[in-house]
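The values are calculated or read from the model by the stated rules, or taken from the named source; none is laboratory data. None of the values given here were measured: they were computed from a predicted structure. Note that each Cβ is placed from the backbone with ideal geometry, even for glycine, and that neighbours are counted across all protein chains shown.
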Amino acid sequence: MGLGRWWRDARLSFALLGPLGGLRSIPSTPAQTVRDLWPGDAGNGELLVRGTASHGGETISIRKGIWSDDNWSPLFRDWFQSFEWLRDLRELGSESARAQARALVADWIAQPIGMTPLEDSSTTGARIAAWLAQYDFFAASADEDYRRALLQRIVLEARTLAAILPTERHDWTALRGLKGLLATAVAIPEQKAFLARYMRLIDPELEMQILPDGCHASRSPGAQLLVLRELAEMRLMLQSARIPMPTTLASALDRMAPVLRAFRHGDGRLALFNGTWSHEPTLIDLIIARAMPRGNILARNMRDGRFVRATSGNTVLFVDAGGPPPSGFDALAHGGLMSMELSSGRSQIVVNCGASPRSGWHEALRDAPAHSVLSIPACPPVLWRRDGSVDVRPDVTWEHSVSGIDHMIELASDCYRPVGCGSYRRRMFLSGEGTDLRGEDRLDTAGDPPEFVLRFHLHPSVRVELEETDILLHAGDEVWKFRSDGYSTIEDSIYFGFKEPTPTQQIVVRPSEVSPVAPAAPADSQSESSSSHPAAKQDEQTATGATNQPSEVRVSESAQDEKELIPLAKAIEEAQEADGATDQEKDRAPLDDNTASEDGQINDQENVSAESDSGRMDEVSDLERPVQPPVPPVLANAIRWAFTRLDA
């Protein structure tokens, strides 16, 4: 056991002894309650009244004294122990909802403090804040013994928070623990140690998590939302208690709100990068309004967060232009390096699949195929450790230039170096009117490129229509056309941008095949071949005509030629057998009377016959030459593509 862990356990043991003045010094009512800023779900509250708890796809029957189970997922256990569902009972507002809330809180505080799960500072902080935020709903009308027991338990759990903070985890959950300290300090101002501890920890935590441009260090729009929600609650607590706001907190709010607004599509939903899942647009609006009551500011750039947001007309293009976040902030990181999302007006068109804490989905949605970007099946761009953190961090470089009103975005990464690719390059051009998005995805390789595919996941609202050479995408009142120089197919996909996973489709583009160039034959042999065999002239003319055709046609013809090589070889063998049979029949034919008298002529024509036989042998030897096997085609190392709005 390290010295730091020993000291932390010693402080935790001391905290459980209670305040120096004893528990009797704690008042029975809070000096000031905390206001809950967020709406609840009355439907979920009705389930709780009936004795059922449901969250994140899991449903359990509530049993007295049971607050943890090995069959529960960490997400569900955190939600259930955080008591944030009290707002659902408050939203329902019935007497039965009030009685159920009071009974469940009483069941928790009846546990001995030493046997209560308090190791997770985030869950403990959220629980304290929830009790104080819903105090007027379930506890204000209770008897004095209940109210005193509740506040005593709040102080004991807040003391454990002060003892174990800060933890090694520095993300939005760390702020949830600090929120519990602040809520206790506001409700029981006589316990001055809580406010002092909060003020000492909040500044370094925010400096560590918030980048200069206002992006969160995890590079996740979802984490951006959760952090801003916690900071908005802290702001209201400080203002209601008339406590001076820390400068770092005010600065973080001013910088983070414009960035969160910039992460939104036209329909109000967030771009799905790095562990972001479903959030209702109304809740996002409310969080932004609470964090920044005045102004409607949009972040102009997110250079420190390494995101590109290009807008032209009604079109919005998001590009992830950074590598995985640093250690300690990579719990939400995904492998969709250089992935993109596209929307026009209120219609999302190209998306990423999103994220889900559900078992089996978390790992699948982290990898590159769940994003709108190139991927190599044999080589994931990001490698993960067993604990879910990033093992190898590829480098990503990018440049976003604006010429007039046109956008050019160029990116490069070494993420596929293990399979022999020097770099993976992606270029995108968005026209000033927002009606044309063109791109190129290229692998720089010394030899033949590995097998790769390019994916564009489509929003579930997009309707796909196939044409001969193009793919039409019906998005709201608009029609977009997709085309590429590769082989495009439509395949199934899934989208986690709504409350429940929704089936959708994706455009999968594979590189075209490039026929290898055969070595040129010597000029002498070409002339001899063409003079001796008339068929060679026809082949030469056919090859010359094929050379004048476009490359796409040439690729298709080479594939057809390969299919015809086997029948051609059989035809040559049959011709050889027919010639042999004819020669045998001539040898078996009887001699006539004129044959003997022609012996002298045969002797005289011996030289001529030898020359004729020599020519025939040349022809036979040409037929007997083995047919060269077809050279396997080589895949192109780049795919060019375009999305074009047809009504432009």
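Which condition number in (1) at pLDDT 95 or above; (2) over 23 Å from the mean Cα position of the chain (by Cα) is the one that Leu458 fails?
Condition not satisfied by Leu458: (2).
I'd like the residue in the range 327-366 that is aliphatic (A, V, I, L, M) and part of a loop (DSSP other than H, G, I, E, B) and, out of all such residues, is farthest from Asp387 (Cα to Cα).
Per the stated criteria, the residue is Met338.
Could you grab me the full set of residues in the range 187-246 that are free of Cβ contacts under 8 Å to residues at least 24 places away in the same chain, of a type in the set (Lys, Arg) and assigned to a helix (DSSP H, G or I)?
Lys192, Arg200
Please go through the range 220-252 and give me each residue that is under 20 Å from Arg303 (Cβ atoms) and of a type outside the set (S, T, N, Q), ordered by number.
Answer for the range 220-252, where residues must be under 20 Å from Arg303 (Cβ atoms) and of a type outside the set (S, T, N, Q): Pro221, Ala223, Val227, Leu228, Ala252.
Taking the options Trp85, Trp72, name whichever one is in the same structural domain as Leu182 (by TED's automatic domain parsing), within 26 Å of Thr167 (Cβ to Cβ) and either among the basic types (Lys, Arg) or modelled with pLDDT of 95 or more (or both).
None of the others qualify; the one that does is Trp85.
Within the range 262-278, is there a residue that is outside the structural domain of Ala370 (by TED's automatic domain parsing), within 22 Å of the chain's Cα centre (by Cα) and in a helix (DSSP H, G or I)?
yes
Based on this model, can you work out whether Leu365 counts as out of contact with any Asp or Glu (no Cβ under 8 Å at 6 or more places or on another chain), aliphatic (A, V, I, L, M), farther than 20 Å from Glu440 by Cα and in contact (Cβ under 8 Å) with a residue 24 or more places away in the chain?
It is true that Leu365 is out of contact with any Asp or Glu (no Cβ under 8 Å at 6 or more places or on another chain), aliphatic (A, V, I, L, M), farther than 20 Å from Glu440 by Cα and in contact (Cβ under 8 Å) with a residue 24 or more places away in the chain.
Can you tell me which residue among Leu226, Leu249, Leu206, Leu195 is aliphatic (A, V, I, L, M), surrounded by fewer than 24 Cβ atoms within 10 Å (Cβ to Cβ), under 19 Å from Ala333 (Cα atoms) and modelled with pLDDT of 95 or more?
Leu226 is the lone residue from the list that is aliphatic (A, V, I, L, M), surrounded by fewer than 24 Cβ atoms within 10 Å (Cβ to Cβ), under 19 Å from Ala333 (Cα atoms) and modelled with pLDDT of 95 or more.
Would you be able to say whether some residue in the range 157-173 is over 40 Å from the mean Cα position of the chain (by Cα), assigned to a helix (DSSP H, G or I) and at negative phi?
The answer is no, given that none of the residues of the range 157-173 is over 40 Å from the mean Cα position of the chain (by Cα), assigned to a helix (DSSP H, G or I) and at negative phi.
Can you name the number of the only condition in (1) at pLDDT below 95; (2) farther than 30 Å from Glu465 by Cβ that His400 fails?
If we test His400 against (1) at pLDDT below 95; (2) farther than 30 Å from Glu465 by Cβ, just (1) comes out false.
Please specify each residue of the range 115-151 satisfying the condition of being in a helix (DSSP H, G or I) and surrounded by fewer than 21 Cβ atoms within 10 Å (Cβ to Cβ).
Met115, Asp136, Phe137, Glu144, Asp145, Tyr146, Arg147, Arg148, Ala149
Mind telling me which of the residues Glu410, Glu451, Glu440, Glu465 ends up being part of a strand (DSSP E or B), among the charged types (D, E, K, R) and more than 25 Å from Phe273 (Cβ to Cβ)?
That would be Glu465, the only listed residue that is part of a strand (DSSP E or B), among the charged types (D, E, K, R) and more than 25 Å from Phe273 (Cβ to Cβ).
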